[in-house]
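This report concerns only the one structure given below.
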Amino acid sequence: MGAGPAALCIAAELVQQDLNISVLASHPPTKPWPNTYGIWAEELESLGIESLLGHRWQDTVSYFGDGNGVPGNQSTKHNFDYGLFDQSLFQKALLEKCSGLSWLIETAEEISFLNGITEVICSSGNTYLARLVIDASGHRSPFVKRPDHGPIAQQSAYGVVGKFTSPPVEKDQFVLMDFRPNHLSVDELKDPPTFLYAMDFSNQIFFVEETSLAYSPPVSWSKLKERLILRLAKKGIEIEEIIHEEYCLFPMNLPLPDRTQSLLAFGGSASMVHPASGYMVGALLRRAPKLAKRLAKSIAVNPPLDSARLAKEGWAELWPMELIQRHRLYQFGLKRLMSFDETLLRSFFKTFFKLPIEDWSGFLANTLPLPKLIVVMLRLFTISPTKVKLGMAGILKK
């Protein structure tokens with residue numbers, strides 16, 4: 001169920017396994033996706049699909065200050081290529097792999113499990129039966145059961161693709177995080193920290209986005225828009241033409257689903273968003289083929305497995321103990337970061353990007369094996385300034 005990147009990723013891989021599948025979605029799969037998707041280029045190179053990038057930047061930087069909480073214009077150079085998907089090309093490539101699929105333009109209203117089969121009842125009155133249903137409709141799905149661990153921290157962002165009275169970033173540059181706060185008053189600095197995510201698209205077109213890493217309740221789009229305009233105004237920049245506005249809001253610390261349920265999930269509904277970075281597309285592309293192969297093997301078992309046992313196989317592949325433990329570590333780290341004020345957060349990230357590239361990039365992509373991840377987190381703690389250490393240990397509060 002679904003028609004976004006997660007749904008198309010898993011549907012495409014299931015088709016490659018010659019399984020008989022249909023996709024149920026509330027809108028046609030050709031409907032353009034509303035948000036942009038960024039990724040470190042190496043993630044796509046490792047999969048051999050870097051051609052799906054619409055833009056690629058070698059000049060990748062961030063601004064955190066001097067590492068002691070003092071704002072400034074000193075940049076942190078990442079020396080690691082960043083890319084933005086060509087959304088149309090990415091969507092088209094996945095749809096081509098889904099060739100021959102049956103698309104059901106319906107809205108699911110109820111899911112039940114009868115005699116080992118899953119029944120999906122739609123608002124149209126139509127009912128569909130399947131040996132297994134995979135919910136890839138996003139984190140708002142009402143069908144996926146998960147425990148309640150309290151308030152959910154959400155990443156929110158407001159962005160503009162457009163033309164400006166002067167360049168908001170340097171030519172051919174990508175800015176991962178600009179935490180410089182010189183456009184904010186003393187009182188505003190007490191509010192949840194936000195940063196600028198920005199890039200040069202060339203031809204005098206830029207993308208600028210004010211982002212809140214994670215907060216509960218989330219920072220509102222109106223507040224983010226206000227901060228973005230203030231940030232630009234401080235540099236004497238105004239928006240000349242808006243080509244596209246982007247609104248993002250998604251959970252960062254969504255609890256893992258109940259893995260005993262007979263409904264399988266994938267993507268945001270399966271809590272696959274990286275709790276520390278917000279990235280997910282790389283994980284979708286890496287994990288979809290393995291899940292599809294496991295399901296194809298399980299479906300071929302004789303006597304046939306019912307929905308509950310097929311889902312159990314899927315959950316075991318999607319969330320093995322290794323990934324569960326890594327997810328818990330990332331959630332622990334996010335909880336600590338959410339307690340940091342603006343100064344401490346800048347100091348933390350300044351230190352984080354002093355780690356070797358393979359360490360910080362693997363951390364952000366969630367590709368480090370558990371033992372290596374633990375070593376990297378301990379190394380980060382070791383090299384951090386005292387105040388950051390105290391914050392990471394939960395001793396220093398806002």
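State the number of residues belonging to region 223-245 that are surrounded by fewer than 16 Cβ atoms within 10 Å (Cβ to Cβ) and in contact (Cβ under 8 Å) with a residue 12 or more places away in the chain.
Number of matching residues: 12.
I need the full set of residues from region 230-268 which are outside any loop (DSSP other than H, G, I, E, B) and under 30 Å from residue 129 (Cα atoms), in order please.
Within region 230-268, 264, 265, 267, 268 meet the criteria.
Table: residues versus (1) in contact (Cβ under 8 Å) with a residue 40 or more places away in the chain; (2) surrounded by fewer than 18 Cβ atoms within 10 Å (Cβ to Cβ); (3) charged (D, E, K, R); (4) closer than 13 Å to residue 277 by Cα.
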position	(1), (2), (3), (4)
346	yes, no, yes, no
364	yes, no, no, yes
373	yes, no, no, no
380	no, no, no, no
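Step by step: first the residues of region 74-131, then only those that are of a type in the set (Val, Ile, Thr) and assigned to a strand (DSSP E or B), then the one that is nearest to residue 200 (Cα to Cα). Which residue is that?
Among residues in region 74-131 that are of a type in the set (Val, Ile, Thr) and assigned to a strand (DSSP E or B), the one nearest to residue 200 (Cα to Cα) is 76.
What are the residues in region 198-219 that are touching a Lys or Arg at 6+ places or on another chain (Cβ under 7 Å) and either surrounded by 24 or more Cβ atoms within 10 Å (Cβ to Cβ) or among the hydrophobic types (A, V, I, L, M, F, W, C) (or both), if any?
Listed by number, the residues that qualify are 205, 210.
Looking at region 178-201, is at least one residue farther than 29 Å from residue 343 by Cβ, modelled with pLDDT of 95 or more and assigned to a loop (DSSP other than H, G, I, E, B)?
No: region 178-201 contains no residue that is farther than 29 Å from residue 343 by Cβ, modelled with pLDDT of 95 or more and assigned to a loop (DSSP other than H, G, I, E, B).
Looking at (1) surrounded by fewer than 22 Cβ atoms within 10 Å (Cβ to Cβ); (2) free of Cβ contacts under 8 Å to residues at least 40 places away in the same chain, find the lone condition where residue 166 falls short.
That leaves (2) as the condition not met.
For region 269-360, please list each of the helices (runs of 4 or more DSSP H) lying entirely inside it that holds at least 3 residues being under 30 Å from residue 17 (Cβ atoms).
Those helices (runs of 4 or more DSSP H) span 281-299, 307-318, 321-337.
The values are calculated or read from the model by the stated rules, or taken from the named source; none is laboratory data. Since we're looking at a predicted model, the values are computed, not measured. Cβ atoms come from the backbone with ideal geometry, glycine included; neighbour counts cover every protein chain shown.
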